[in-house]
Amino acid sequence: DVDCKQCPEGFSSQKGAHRCSSCQLNSVYDRNQSKCVRCSRNQYALPGFTECKERAPCKTSDWAARYGECTHTANASSSRTKRYEWLEPKICEGGKQLPPEEASVP
C-alpha cells in the first residue's frame with residue numbers, strides 16, 4: 001500500500017514514515033501540538049488511547065502473588081516466601097496497599 005493516509009485517532013507518524021505508531025504508556029497524541037503529551041499524575045493512558053483516563057482506587061485484583069524458591073529443612077518440611085506485586089501496567093492509585101511479604105509459606 002503506497003497511498004498516504006492519516007493515522008487513526010491515538011496514533012501518529014513521523015514525516016516520511018510508512019507506519020503509524022502509538023504514544024508510550026501514560027501519553028496521548030495531541031494533534032494541536034503534533035506530539036505525544038503525558039497524562040497528569042492521577043490519570044493513565046494505554047498505548048493507542050485517545051484520551052487520558054482517571055486512575056481508580058487500587059483493589060485486591062490489581063496485584064498478584066509471587067512465590068520464592070522452596071527451601072527444605074532437616075525435618076523434611078519446606079517453605080518459601082510469598083510477596084505481592086502490582087499488575088503491569090499499574091493503572092490504579094491510592095485505595096488498597098500491597099500486603100506485606102509472608103515468610104515460611106508452605
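Tell me, which residue of segment 67-93 that is within 13 Å of TYR44 (Cβ to Cβ), assigned to a strand (DSSP E or B) and of a type outside the set (Asp, Glu) is least open to solvent (accessible area, probe 1.4 Å)?
CYS92
Which condition number in (1) surrounded by 15 or more Cβ atoms within 10 Å (Cβ to Cβ); (2) touching a residue at least 40 places away in the same chain (Cβ under 8 Å) is the one that ASN42 fails?
The number of the failed condition is (1).
Those residues that are of a type in the set (Gly, Ala, Ser) and either exposed (fewer than 11 other Cβ atoms within 10 Å of the Cβ) or at pLDDT 95 or above (or both), I need them from segment 46-64; list them, please.
Answer for segment 46-64, where residues must be of a type in the set (Gly, Ala, Ser) and either exposed (fewer than 11 other Cβ atoms within 10 Å of the Cβ) or at pLDDT 95 or above (or both): ALA56, SER61, ALA64.
Which one of these is under 14 Å from the mean Cα position of the chain (by Cα) and of a type outside the set (Val, Ile, Thr): ALA74, ALA65, ALA56?
Every option except ALA56 fails the conditions.
If you take the residues of segment 94-106 that are surrounded by 11 or more Cβ atoms within 10 Å (Cβ to Cβ) and part of a loop (DSSP other than H, G, I, E, B), which of them is farthest from the chain's Cα centre (by Cα)?
Filtering segment 94-106 for residues that are surrounded by 11 or more Cβ atoms within 10 Å (Cβ to Cβ) and part of a loop (DSSP other than H, G, I, E, B), the one farthest from the chain's Cα centre (by Cα) comes out as GLU101.
If you scan segment 14-55, which residues turn out to be under 20 Å from GLU93 (Cβ atoms) and of a type in the set (Asp, Glu)?
Scanning segment 14-55 gives GLU51, GLU54.
Just need a number here: residues in segment 51-69 that are of a type in the set (D, E, K, R) and within 16 Å of THR81 (Cα to Cα).
Residues meeting the conditions: 2.
Out of all the residues in segment 22-37, is one or more under 30 Å from PRO106 (Cα atoms), open to solvent by less than 40 Å² (accessible area, probe 1.4 Å), touching a Pro at 6+ places or on another chain (Cβ under 7 Å) and not aliphatic (A, V, I, L, M)?
no
Taking interchain pairs and intrachain pairs at least six residues apart, which have beta carbon atoms under 6 angstrom, with the first residue in segment 47-70 and of a type in the set (Asp, Glu) and the second open to solvent by 50 Å² or more (accessible area, probe 1.4 Å)?
ASP62/LEU87
The values are calculated or read from the model by the stated rules, or taken from the named source; none is laboratory data. On a predicted model such as this, the values are computed, not experimentally measured, just so you know. Every residue, glycine among them, receives a Cβ derived from its backbone with ideal geometry; neighbour counts consider all protein chains shown. Note: areas computed on protein heavy atoms with side chains; ligands, DNA, RNA excluded. Shrake-Rupley method; radii C 1.70, N 1.55, O 1.52, S 1.80 Å.
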